[in-house]
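Chemist: After the structure tokens below, expect a handful of questions from me.
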Amino acid sequence: MTSKTLAVYLKEITDALRDGRSVFAIFVFPFILYPAMIGFTSWIQSKNAEEAKGMTLRIGMVGEAQIPGLADSLRAVPGVETVSLSERPKSLEGSKLDAVLDVPQGIAAHVAAGDSAKVQLVYKESDNRSSQAADRLEPLLDQVRRTLTVAWARSLGANAQAPPAFTVEKQDISSKSEMGRFFAALLIPYLLVFLIAAGSMHMAVDATTGEKERSTLETLLATAATRGELVMGKTMAVLTASIAGALMGITGLFLTFNVISPMMGVAQRQSMQFTITPDKAGLLLLTMIPAAIFIAATLVAIGCFARGMREGQAYASYFYMATIFLGLGSFGQQSPPTQRFFIPVLNTALLQREILTDTVNSMHAFTAIGTTCALAAIMLVVAVRLFSNEGVLFRN
């Protein structure tokens, strides 16, 4: 770093620190946002659970006589009101029902003969009341399965009067730390992309198109610093802001799960422990730097190209949304193909997920870091070229 590049860097950092909004967004907002999110989410979940318990749901029954005792069992479900139907309605809304249990005619005889049979619970997952109805009727569907199994067994000569008292249950043996690691691998890569892009966008536009509108860019260009030194200084300042924002965000998230949540009483309902070891934190930082340089250089190039603040903010917003979209691509399968590690931003998020889950593939790491570094270098060259072209820099 030359002394002139350092001077530009310090100038941009000083300007940013004078802006109270930037300081608040980077150093204060993360420590307010995450506790507020946890508290609000917990409150919403408790309210939803209370409302769900108080709902009275209307369930339509078609062919209730086909399975003895089914109607009585359904009426015994708390908060359920039954409606006998001769046929399935065309729509739930028109019939004012939350769900319909459809038992076909002669189902017991079909089962006894070894034929296929199907009992359908018709509901809408997109409707809260309807999905609640499906959840309440799930134990009843297990009873239907057992009853039909008894009918089939009796047809084969078995002395079966009632279904045997057997249960099939799932047992999750994941520890809180394992669940926390899974959650961290799912959330942190996307969150880092979001924070890096958010921290870069405002400062990059302000350091370029903002200089144009304030008529301070001409003064800066008249100094002895070369165009490359000016761009490098601005890009490094944007990079510093974005990485600081990302680190504050992760720190805020860590403190929320491990310090604030227990104080708020959320810990008793938590099934995970959110922790990041120092070695993994260091590796995350190393993978984050090339991606942050690429994002910062791209935003500086956009700011050099834009005519004014509005245009620069519009272009930067499109790029910001693209990075968020790429970050969302890290959700999904555990072992993505190698081709995805050539896609900028997405490759960094995928590599960070592998780091957090202890499944790092050396080829994936080399591909992701190499591709991102190459693209970052290209965007730095583009930014310098645009900043050196006064026909582009000062176009009307």
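Chemist: Name every residue in the range 354-396 that is hydroxyl-bearing (S, T, Y) and within 30 Å of T219 (Cβ to Cβ), in order of residue number.
Modeler: Correct list: S388 only.
Chemist: Something else now. Would you say T357 is at pLDDT below 90, surrounded by fewer than 23 Cβ atoms within 10 Å (Cβ to Cβ) and closer than 18 Å to L191 by Cβ?
Modeler: Yes.
Yes/no per residue for (1) over 18 Å from T298 (Cα atoms); (2) out of contact with any Cys (no Cβ under 9 Å at 6 or more places or on another chain):
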| site | (1), (2) |
| --- | --- |
| A207 | no, yes |
| R214 | yes, yes |
| A225 | yes, yes |
| V231 | no, no |
| A244 | yes, yes |
| L247 | yes, yes |
| T251 | yes, yes |
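Chemist: Right, next: Being assigned to a helix (DSSP H, G or I), under 18 Å from A281 (Cβ atoms) and in contact with a Gly (Cβ under 7 Å, 6 or more places away or on another chain) narrows it down to one of L195, L187, so name that one.
Modeler: Exactly one of L195, L187 is assigned to a helix (DSSP H, G or I), under 18 Å from A281 (Cβ atoms) and in contact with a Gly (Cβ under 7 Å, 6 or more places away or on another chain), namely L195.
Chemist: Something else about it: For the list (1) modelled with pLDDT of 85 or more; (2) open to solvent by less than 10 Å² (accessible area, probe 1.4 Å); (3) within 25 Å of the chain's Cα centre (by Cα), I need the number of the one condition that L239 fails.
Modeler: With respect to (1) modelled with pLDDT of 85 or more; (2) open to solvent by less than 10 Å² (accessible area, probe 1.4 Å); (3) within 25 Å of the chain's Cα centre (by Cα), L239 is out only on (2).
Chemist: For S271, work out the one condition from (1) modelled with pLDDT under 90; (2) open to solvent by less than 40 Å² (accessible area, probe 1.4 Å); (3) hydroxyl-bearing (S, T, Y) it doesn't fulfil.
Modeler: All conditions are met except number (2).
Chemist: Only one of (1) open to solvent by 60 Å² or more (accessible area, probe 1.4 Å); (2) within 23 Å of the chain's Cα centre (by Cα); (3) under 21 Å from A198 (Cα atoms) fails for W43. Which number is that?
Modeler: Among (1) open to solvent by 60 Å² or more (accessible area, probe 1.4 Å); (2) within 23 Å of the chain's Cα centre (by Cα); (3) under 21 Å from A198 (Cα atoms), W43 violates only (3).
Chemist: Still on this structure, I have one more. Could you check how many residues of the range 90-116 are surrounded by fewer than 15 Cβ atoms within 10 Å (Cβ to Cβ), out of contact with any helix residue (DSSP H, G or I) (no Cβ under 8 Å at 6 or more places or on another chain) and on the phi < 0 side of the Ramachandran plot?
Modeler: Residues meeting the conditions: 6.
Chemist: From A322, A301, A377, grab the single residue that is within 30 Å of D279 (Cβ to Cβ), small (G, A, S) and open to solvent by less than 60 Å² (accessible area, probe 1.4 Å).
Modeler: Being within 30 Å of D279 (Cβ to Cβ), small (G, A, S) and open to solvent by less than 60 Å² (accessible area, probe 1.4 Å) holds for just one of A322, A301, A377, which is A377.
Chemist: List the pairs whose first member sits in the range 36-52 and is assigned to a helix (DSSP H, G or I), whose second member is not aliphatic (A, V, I, L, M), and whose Cβ atoms are under 7 Å apart, counting only residues at least 6 apart or on separate chains?
Modeler: I38/T256; I38/S261; A52/Q132
Chemist: Moving on to the next point. Since K280 meets every condition but one in (1) of a type in the set (D, E, K, R); (2) open to solvent by less than 50 Å² (accessible area, probe 1.4 Å); (3) without any contact (Cβ under 8 Å) to a residue 24 or more places away in the chain, which condition does it not meet?
Modeler: Failed condition: (3).
Chemist: Further, regarding this structure: So for the range 320-337 (the condition being more than 21 Å from the chain's Cα centre (by Cα) and either within 25 Å of A244 (Cα to Cα) or modelled with pLDDT of 90 or more (or both)), does at least one residue qualify?
Modeler: no
Chemist: Can you find a residue that is at positive phi and buried (at least 23 other Cβ atoms within 10 Å of the Cβ) anywhere in the range 343-353?
Modeler: Yes; the residues of the range 343-353 include at least one that is at positive phi and buried (at least 23 other Cβ atoms within 10 Å of the Cβ).
Chemist: Any residue in the range 179-193 that is over 13 Å from A349 (Cβ atoms) sitting within a Cβ distance under 9 Å of a residue that is open to solvent by 10 Å² or more (accessible area, probe 1.4 Å) and acidic (D, E)? List the pairs, counting only those 6 or more apart or interchain.
Modeler: M179/D172; R181/D358
Chemist: Filter the range 117-146 down to the residues that are in contact with a strand residue (DSSP E or B) (Cβ under 8 Å, 6 or more places away or on another chain), under 16 Å from N48 (Cβ atoms) and open to solvent by less than 40 Å² (accessible area, probe 1.4 Å) and list them by number.
Modeler: Passing the criteria: S130, A133, A134.
Chemist: Only one residue in V23, V62 is surrounded by 16 or more Cβ atoms within 10 Å (Cβ to Cβ) and either free of Cβ contacts under 8 Å to residues at least 60 places away in the same chain or in contact with a helix residue (DSSP H, G or I) (Cβ under 8 Å, 6 or more places away or on another chain) (or both), so which one is that?
Modeler: V62
Chemist: Moving on to the next point. In the range 355-390, what residues are touching a residue at least 40 places away in the same chain (Cβ under 8 Å) and closer than 16 Å to G329 by Cβ?
Modeler: A368, T372, listed by residue number.
Listed here are the residues, each with its yes/no results for (1) open to solvent by less than 10 Å² (accessible area, probe 1.4 Å); (2) among the polar types (S, T, N, Q).
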residue: L186; (1), (2): no, no
residue: Y190; (1), (2): no, no
residue: I196; (1), (2): yes, no
residue: G199; (1), (2): no, no
residue: A207; (1), (2): yes, no
residue: T216; (1), (2): no, yes
residue: T226; (1), (2): no, yes
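Chemist: While we're looking at this one, here's another question. Show the residue pairs that are 6+ apart or on different chains and have beta-carbon atoms under 6 Å apart, the first residue being within the range 94-118 and farther than 22 Å from R136 by Cβ, the second being among the aromatic types (F, W, Y).
Modeler: Filtered contacts from the range 94-118: V111/W152.
Chemist: Right, here's the next one. Identify all residues within the range 332-353 that are in contact (Cβ under 8 Å) with a residue 60 or more places away in the chain and out of contact with any Pro (no Cβ under 9 Å at 6 or more places or on another chain); write none if there are none.
Modeler: Selection gives V345 alone.
The values are calculated or read from the model by the stated rules, or taken from the named source; none is laboratory data. These numbers were taken from a predicted model, which means no experiment stands behind them. Every residue, glycine among them, receives a Cβ derived from its backbone with ideal geometry; neighbour counts consider all protein chains shown. Surface areas here come from the heavy atoms of the whole protein model, side chains and all, with no ligands, DNA or RNA. Shrake-Rupley method; radii C 1.70, N 1.55, O 1.52, S 1.80 Å.
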